[in-house]
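In what follows, a single structure is set out as structure tokens and then discussed.
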Amino acid sequence: MEFIDLIALLKRITCCHDCLSLSLSLSPLCLSFIVSFLSLSLAFSLSSTVPLSFFNVKAPLFETQCSYVEAKLEEFQSWTEGQTGAEDVGCFSNYPLSLYWAYADYKYIALLLQEKPSMFEDVVWSQFGFPGRNGRDSTLWIGTEGANTPCHLDSYGYNLVLQVQGRKRWHLFPPADTSCLYPSRIPYEESSVFSQVDVLQPDLQRFPAFRHARAYTVTLQPGQVLFVPRHWWHYVESVDPITVSVNSWIELEVDDEARVGEALTKAIVCALKTTPSNDNDDDWLNPTEEGLVGHDENMQYLNLAVGACMEKRGITSHPECLSSSSTPSTMPFGPHLIPVAWNQITNQETPEQNPKNQDRPSPSRDSHCSVSITTNDLLQCLVHPEVIARVSELLMERVHHLTQTCS
């Protein structure tokens, strides 16, 4: 059986809006499409189905706390069918289905099916206004009931997610509520900003501002597509025995500026966390990261990101394209948008504030060519009095917050 033909699926689409799902009246698709490539080997993360809250621990479950196995999809399918023999389920034999969930996330379809390009070419996003975009630009997600991704926002672009098999529940929060989500870059993963809050079982004593966060919840059915705008926080959980999703991240021009911030973040985090000290003993690097690189390479990446951003500014001369505003531009998804309702948990609604576009000078295309950012340049910016003053405020707020939670 060939892979999913998105064109056929999306012909009956009734588009959606702001943060929401494009509904299709389709019967659930079965897992049998996987039969075409059951021999593929994937890395699965596994975790206990017993929530941390059972042990009175109200904290997110990060991938650094999961086990990992390499297994074939055939073995995964046998495991989900209740088989237990090592000859049938491989490494899954050490993980009883009743006690663990499994998740193969963020798998690039083009890499999985590089020997069968005709299959991933059937994944087509042209109905959304992206002609030529197919499985080469998409990722596959396969999980069991209970599998979840911790609440986070993606630094780049926006997201289109097609639910193929089973249901997934999405809990979304607007960018304006970022301070209520207590953002963190530990564990570190490029382009992912994690929340310190377990959004399903929040510890409101530690994270009191979360009570003001505005949650939008939608259960994505097979055949539905979810549009996740730029910088919207999301926690995703599988609610059926088998879930399969396909998604595609759509690039934005402002991503060039975001890459500078990501390069800067990586340089700072790696420099501090790789320095031996008594409190540097945590699992701070997400398993999805390929590994550590040296400071020189991180600085090279920073220079490349800054150079690309400056060149783009010089070429486009459109400051509005480089604004850090979290408001998405007009999307080509059609006029019939279905909004996901806000689960109101407070009567006080904080309107989103979008920074006004500022006129910025357009440097010449060659203005950065002979300039290289050094470690001292980076330090000069980091220890700028305004930056230090703001970091000092944040540290004092954090100490005050920790003191209150200990009392």
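The values are calculated or read from the model by the stated rules, or taken from the named source; none is laboratory data. Every value quoted in this text rests on a predicted model; they were computed, and no experiment measured them. Virtual Cβ from ideal backbone geometry, glycine too; neighbours counted across all protein chains shown. All accessible areas refer to the heavy atoms of the entire protein, side chains included, with ligands and DNA or RNA removed. Shrake-Rupley method; radii C 1.70, N 1.55, O 1.52, S 1.80 Å.
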Residues SER184, SER238, SER155, SER192: which one is among the polar types (S, T, N, Q) and in contact with a helix residue (DSSP H, G or I) (Cβ under 6 Å, 6 or more places away or on another chain)?
SER155
Of the criteria (1) closer than 25 Å to TYR235 by Cα; (2) touching a residue at least 40 places away in the same chain (Cβ under 8 Å), which one TYR108 fails:
(2)
Looking only at helices (runs of 4 or more DSSP H) that lie completely in region 80-126, which have at least 3 residues being over 21 Å from ASP240 (Cα atoms) and hydroxyl-bearing (Ser, Thr, Tyr)?
none
Scanning region 129-149 residue by residue, the ones that are in a strand (DSSP E or B), touching a helix residue (DSSP H, G or I) at 6+ places or on another chain (Cβ under 9 Å) and open to solvent by 10 Å² or more (accessible area, probe 1.4 Å) total 1
Of the residues that sit in region 195-218 and are small (Gly, Ala, Ser) and touching a residue at least 40 places away in the same chain (Cβ under 8 Å), which one is most open to solvent (accessible area, probe 1.4 Å)?
ALA215
Selected residue (criterion: surrounded by the fewest Cβ atoms within 10 Å (Cβ to Cβ)) from residues of region 79-128 that are at pLDDT below 85 and within 17 Å of LEU46 (Cα to Cα)
TYR106
For region 277-299, check the following and say yes or no: at least one residue is part of a helix (DSSP H, G or I), buried (at least 19 other Cβ atoms within 10 Å of the Cβ) and at pLDDT 85 or above.
yes
Kindly indicate whether SER192 is touching a residue at least 12 places away in the same chain (Cβ under 8 Å) and either within 24 Å of ALA102 (Cα to Cα) or among the aromatic types (Phe, Trp, Tyr) (or both).
yes
Count, please, the residues in region 66-81 that happen to be out of contact with any helix residue (DSSP H, G or I) (no Cβ under 8 Å at 6 or more places or on another chain) and closer than 13 Å to TYR103 by Cβ.
4
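Conditions (1) at pLDDT 90 or above; (2) assigned to a loop (DSSP other than H, G, I, E, B), marked per residue:
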{"site": "ASP198", "(1), (2)": "yes, yes"}
{"site": "PRO202", "(1), (2)": "yes, yes"}
{"site": "VAL244", "(1), (2)": "yes, no"}
{"site": "TRP249", "(1), (2)": "yes, no"}
{"site": "GLU257", "(1), (2)": "no, no"}
{"site": "VAL260", "(1), (2)": "no, no"}
